[in-house]
Amino acid sequence: MNQFQYTRPAETAVAIKSLAKEPNGYFLAGGTNLVDMMKMGLVVPDKLIDINRLPLKKIERTPTGIHIGALASNSEVAEHAYIKAQYPLLALAINAGASPQLRNMATVGGNLMQRTRCPYFFDTAMPCNKRTPGSGCGALQGINRMHALFGASDKCIAVNPSDMNVAMAALDATIHVTGVKGPRAINIGDFHRLPGDHPELDNTLQKGELITSVDLPAASSAYNKHVYYLKIRDRTSYAFALVSVAAALHIENNTITGARLAMGGVAHKPWRLTAAEIFLKGKAITEDNFKQAAQIAMQGAKAYEYNKFKLKLAPNAIVQSLKLATGLAS
Ligand code: SF4
């Protein structure tokens, strides 16, 4: 590792000013992603601003839902009684990710910022437009079995690796950030980016902005009974999703009155299945309806040489998650 400055401010405004003065500075929270990247030489900072003393850890109910401080650990969120009761999809998704040790260290803000696990991104001997813009994409002609089905570009076909983000997308989270220009709120659908011509940018944060909290709306807590987070991966723990599905349904008299669906492992951002949600509204709980919803969700999917299996795996995962959420399967 290179030598770098290290500060540990106790006030958010001081942390932001400190980063504003250092173009090659980074905020450090749990460090479960950033420190790995520093060890591998992917990130070579001149300054680390440790934000762990900032007052951004609180999880509390609000009149409009729940407020989750950006420094709350993944474990604290997944074990929070109100979240488990009212937003169980979030707890399920978080517990499907990483390991208990990592979930104890990793923060909500850090999880939102998590970088792709594309192997070519981590291999500094290989071209990667995300790591080194303009160098090319090793995965396009390489081993791309983990890669995207939706929204990719000829510059990058990587996927967002987070499980938490998939549930947050389904639950309509709002990300609160602040920077030298003041605070602003970003809907999760607008937070992560598609790669386009600038795969080096994972999200729409401006330089120097800090995530301060995530709010989940009260409306999403109505989706707390019929939920499932299905994660398909190469081994049953401590592995990233090949495909994951977050499913939460509101059901009355055996009819689906509302659906929240998102997929992970298939795009550069958590992939909300809006058209399938619209299709399911007003439908009966049948496998045939779930299959039609999955077909709708897969429209526009494009596979590469080694991830063609996902074209079958993803719709099957959608159907199975809906069956598990509604009790059609157990
Ligand atoms: Fe880099 Fe994206 Fe290509 Fe992976 S898919 S090698 S992250 S540019």
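The values are calculated or read from the model by the stated rules, or taken from the named source; none is laboratory data. Only a predicted model underlies this, so the values are computations on that prediction, with no experimental measurement involved. Note that each Cβ is placed from the backbone with ideal geometry, even for glycine, and that neighbours are counted across all protein chains shown. Accessible surface is based on the protein model in full, side chains and every heavy atom, while ligands, DNA and RNA are left aside. Shrake-Rupley method; radii C 1.70, N 1.55, O 1.52, S 1.80 Å.
A few notes on this one:
Results for (1) outside the structural domain of ALA96 (by TED's automatic domain parsing); (2) away from the ligand (no atom under 11 Å from the Cβ); (3) within 16 Å of the chain's Cα centre (by Cα), shown as yes or no for each residue.
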position: GLN141; (1), (2), (3): yes, no, no
position: HIS147; (1), (2), (3): yes, no, yes
position: MET164; (1), (2), (3): no, yes, yes
position: ASP172; (1), (2), (3): no, yes, yes
position: HIS192; (1), (2), (3): no, yes, yes
position: GLY208; (1), (2), (3): no, yes, no
position: ILE211; (1), (2), (3): no, yes, yes
position: LEU216; (1), (2), (3): no, yes, yes
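- Of all the numbered requirements in (1) open to solvent by less than 50 Å² (accessible area, probe 1.4 Å); (2) in a helix (DSSP H, G or I), ALA303 misses one, and that requirement is (2).
- GLN292 meets the conditions (1) free of Cβ contacts under 8 Å to residues at least 24 places away in the same chain; (2) closer than 26 Å to PRO199 by Cβ in every case but one. The failed one is (2).
- When residues in region 306-319 are screened for being open to solvent by 70 Å² or more (accessible area, probe 1.4 Å) and outside any loop (DSSP other than H, G, I, E, B), 3 of them pass.
- Residue match in region 68-75 (condition: over 23 Å from THR178 (Cα atoms) and not basic (Lys, Arg)): yes
- Inspection of region 118-130 identifies no residue that is among the small types (Gly, Ala, Ser), free of Cβ contacts under 8 Å to residues at least 12 places away in the same chain and in contact with a Pro (Cβ under 7 Å, 6 or more places away or on another chain).
- Matching residues in region 181-223 - criterion: being under 30 Å from ASN253 (Cα atoms) and in contact with a Phe, Trp or Tyr (Cβ under 7 Å, 6 or more places away or on another chain): LEU216, SER220, SER221
- Residues located in region 107-132, provided they are among the polar types (S, T, N, Q), within 16 Å of the ligand (Cβ to nearest atom) and surrounded by 24 or more Cβ atoms within 10 Å (Cβ to Cβ): THR116, ASN129
- Residues (of a type in the set (A, V, I, L, M, F, W, C), open to solvent by less than 40 Å² (accessible area, probe 1.4 Å) and closer than 19 Å to PHE150 by Cα) located in region 252-300: LEU261, ALA262, MET263, VAL266, ALA267, LEU273, ALA276, ALA293, ALA294, ALA297, MET298
- Residue within region 250-266 that is among the hydroxyl-bearing types (Ser, Thr, Tyr) and more than 21 Å from the chain's Cα centre (by Cα) present: yes
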